[in-house]
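Here, each number is a calculation from the coordinates, and none is a lab measurement. Keep in mind it's a predicted model, so treat the numbers as computed, not measured.
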Amino acid sequence: MSPAVFSHGDLRLYLLSLLAESPQHGYGIIQSLTDRTGGTYTPSAGTIYPRLAKLEEDGLVTKTVDGRTTIYAITEAGRAELAARENDLAGIEAGLTDSVRLIATEVRQSVQDAMKSLRADLAAAEKDDRTAAKIRPRTASDDSRLLSREEMHRADAIINAFRARVRTDLRTHVAKGGSLPASVVTDLESALDEAARGVTVALSSPGR
């Protein structure tokens with residue numbers, strides 16, 4: 001999704017809808033937009049702050065400075081405009097949902113392409129090995145290298161499929177307005193670290 005997903009006036013309305021949920025600082029708004037669009041649209045500060053300033057000028061939001069942090073909150077006038085343009089907001093939300101669905105489709109296609117490439121590589125490797133076998137007798141070492149090559153490709157496919165699945169699940173959940181607790185990310189990191197250590201230990205075991 002490019003920034004064009006928000007046509008003229010749409011981003012202004014969407015900012016109001018975010019602030020209607022809760023007051024936020026500028027970075028929080030940028031992060032919310034990134035999350036809601038599945039990470040495909042991250043506006044710059046130069047895009048967001050001028051619009052917030054215009055909303056404040058129009059009396060639709062207020063800002064409170066707390067030290068080095070500026071918190072923006074919607075006013076009653078802002079809520080009234082949001083209510084008056086409820087149908088427009090629904091259209092914007094539908095566009096964002098379609099975008100997330102497109103992302104998921106592209107990810108699935110990427111995984112399918114990777115698997116197709118893997119199968120082609122394996123077929124080419126087998127052909128090369130058959131050709132080599134005609135030139136010289138195959139040894140146990142040759143069989144071991146072939147098996148290792150096939151397992152390496154399989155490991156790559158497993159890792160790519162896992163990454164695509166988790167990434168799609170996370171982005172879709174957040175884009176639909178779901179929260180992503182830090183504990184979930186921490187658990188994911190811990191599980192991946194543990195899996196990586198397991199692989200390292202297994203590879204370093206005698207006989208490997």
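Taking the centroid of alpha carbons for each part, segment 142-161 and segment 178-208 are 20 Å apart.
Along segment 185-201 the Karplus relation, 6.51 cos²θ - 1.76 cosθ + 1.60 evaluated at θ = phi - 60°, assigns HN-Hα couplings of 5, 5, 4, 4, 4, 5, 5, 5, 4, 5, 5, 5, 5, x, 5, 4, 5 Hz to successive residues, with x for each Gly and Pro. Couplings 3J(HN,Hα) for segment 32-37, derived from phi with the Karplus relation 6.51 cos²θ - 1.76 cosθ + 1.60 (θ = phi - 60°), are 4, 5, 4, 5, 5, 9 Hz, where x marks Gly and Pro.
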